[in-house]
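Engineer: The structure under discussion is supplied below as structure tokens; questions concerning it will follow.
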Amino acid sequence: MIENARDRRKHEAGLRGTRRGQQAAALDASGAVLGALGLLAFAAAFFLLVETSVMVAFVSASLAWLSVSVTAWYAWRRTRACPERRQCN
Amino acid sequence: MPVLKDGSLSIPWKRAVTNMTEYVVRFSSGAWSFRPSRCWGNLLRPKSFAGLFGAAPSVALVTLASRSTSTGSATLLFQTRSMMAGAVALAVYCVIVCHLLVRARMRASLATTLAFAVWLTVAFGLQALWDNVTPIHLSFSSLRDSRWYDSPSGLHSAVLSPPSPASRVIATERPSAVFSLPFQRSSARARRDRERTRSS
């Protein structure tokens, strides 16, 4: 979907847009890798806390997902993607 | 579909219909809960940050919520364990998709199709590895005083006769190969118990 959307926009501007679409999809996939780490934290937190209380496990697991994925994204952006604080979307 | 004389369904069919209804509810509610996270993903910038929402636990939340209302915490433990394997597989899948798109310059549809095979391999491989490496710990407090007996349905080699509803859920709803070894062991134990009762 992301690739097609980028392709369409570039086609409308009179360009091919294939490469741009692939790059956009790859960028989304790289974000999803970090999201998957968050998902792992979600499952681990739920696994550890479900015997205490299901509600506590839900809240903690959601917080774990949010904090781990955002922290991982921030660390990835600082170290790999934009080490010199360049504008990169 | 076998219908009894009073018009009701037989027990295996009732169970099958209930399970199917549950799957349909989970599938549809999971799909609907995925939409907001995907919308956030389309709205947010930068694009890599938006990608985080592509792996949002929306389906996981719906599944666990629906399960937590109907079953005990022990079943949720099994589900989250499989979820961890799925999360690792998803991370590997996304890395491979990313590399195929950037380095091999494939179309997204082809890259995702190829990487899906890797996802399947990693997910089921981890699951199998976990099942083989770690023994099944039936050390949940509710199962401590359980006894074993043969299952009349034939779906499992044996099930538990649990003292609490939480452990009954495990016994009846997880008839997978994961449990084959402990159940076989327990089946022998149950046979010994039956022989003892007969002799007494």
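The values are calculated or read from the model by the stated rules, or taken from the named source; none is laboratory data. All values derive from a computational prediction rather than experimental measurement. Heads up, the Cβs are rebuilt from the backbone with ideal geometry, glycines too, and the neighbour counts pull from every protein chain shown.
Engineer: Taking the residues in region A:15-36 that are more than 7 Å from chain B (Cβ to nearest Cβ) and crowded, with 19+ Cβ neighbours inside 10 Å as candidates, determine which candidate is nearest to residue B:103 (Cα to Cα).
Structural biologist: Per the stated criteria, the residue is A:21.
Engineer: Restricting to region B:60-95, what's the tally of residues that are closer than 18 Å to residue A:64 by Cα and over 13 Å from the mean Cα position of the chain (by Cα)?
Structural biologist: Final tally of qualifying residues: 7.
Engineer: Any residue in region B:26-48 that is more than 11 Å from every other protein chain (Cβ to nearest Cβ), at pLDDT 70 or above and buried (at least 17 other Cβ atoms within 10 Å of the Cβ)?
Structural biologist: Yes, region B:26-48 has at least one match.
Engineer: Still on this structure, I have one more. Tell me, please, whether a residue that is farther than 28 Å from residue A:48 by Cβ and modelled with pLDDT of 75 or more can be found in region B:62-79.
Structural biologist: The initial filter retains those residues of region B:62-79 that are farther than 28 Å from residue A:48 by Cβ, namely none.
No; the residues of region B:62-79 include none that is farther than 28 Å from residue A:48 by Cβ and modelled with pLDDT of 75 or more.
Engineer: Restricting to region A:37-67, and then to whatever is of a type in the set (Gly, Ala, Ser) and farther than 19 Å from residue B:53 by Cα, can you tell me which residue is surrounded by the fewest Cβ atoms within 10 Å (Cβ to Cβ)?
Structural biologist: From region A:37-67, those of a type in the set (Gly, Ala, Ser) are A:38, A:41, A:43-45, A:53, A:57, A:60-62, A:64, A:67; that's our starting set.
Checking the rest, the ones that are also farther than 19 Å from residue B:53 by Cα come to A:53, A:57.
Working: A:53: 12, A:57: 22.
Among them, the one singled out is A:53.
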